[in-house]
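Undergrad: Take this structure, written in structure tokens, and hold onto it; I'll ask about it next.
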Amino acid sequence: MKKLYVVLLIVLLTPVAVYAWNDCPYGLLDDPFPGQCPRYLDSNQNQVCDHSESPSSTIQNNSSTTSPATNTSLNSNLISDTLEANSTPTESYNLIPLAVTTLILYLISYLLYLESYLQRKVFYTIWKYVLLASFALAGATGLILVVFINYGIHSSWNLTIDFWHAEFAIIMAVSTFLHLHLYWKHVKRIFKK
């Protein structure tokens, strides 16, 4: 019966992970030229990264019927307005997709463990390393951010490092709860004392 619940959880959580990803891997919205990330792409020449454009802004840009001279001045005004609006950028982190994906991977490995395809030691070791790696990467990116902030270093990498710091922290938080599930008996003993 326990296996059935695990399979059911996997089936129910998979659509959330599949449909929740945005096109921009850094969660930027209307990223102006020259772009905050190394994946900047502008195929329609509107001075905004194609990965960060919302579908509605792409349709509006394609249906524009202004002359080239007017369009250039509109683009330059749009760029300056966007740069001012993005001086303190707000990012969208992948909380739900990462949390659900990590949970799905855990449930799949747990199901393999219950079916005896994975040994207990291997199953526990995998999730120890996931927790350790996410902790180390969140800590390292956090230290880099502290250096950037303390010394006033402003570059296009600030947003990238901030984004990855948050992403690794999400994985770390979820894997911490999974770690508590793995060592629940030990945790109960701690609180009984």
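The values are calculated or read from the model by the stated rules, or taken from the named source; none is laboratory data. Values in this document were obtained by computation on a predicted structure and should not be read as measured data. Neighbour counts are summed over all protein chains in view; Cβ atoms, including those assigned to glycine, are modelled from backbone coordinates with ideal geometry. Keep in mind that these areas ignore ligands, DNA and RNA; they rest on the heavy atoms of the full protein, side chains included. Shrake-Rupley method; radii C 1.70, N 1.55, O 1.52, S 1.80 Å.
Undergrad: How many of the residues in the range 147-191 are more than 30 Å from T125 (Cα to Cα), part of a helix (DSSP H, G or I) and open to solvent by 90 Å² or more (accessible area, probe 1.4 Å)?
TA: Count: 3.
Undergrad: Let me ask something else. Just to be sure I understand, how many residues within the range 127-172 are aromatic (F, W, Y), within 28 Å of Y106 (Cβ to Cβ) and in contact (Cβ under 8 Å) with a residue 12 or more places away in the chain?
TA: Count: 5.
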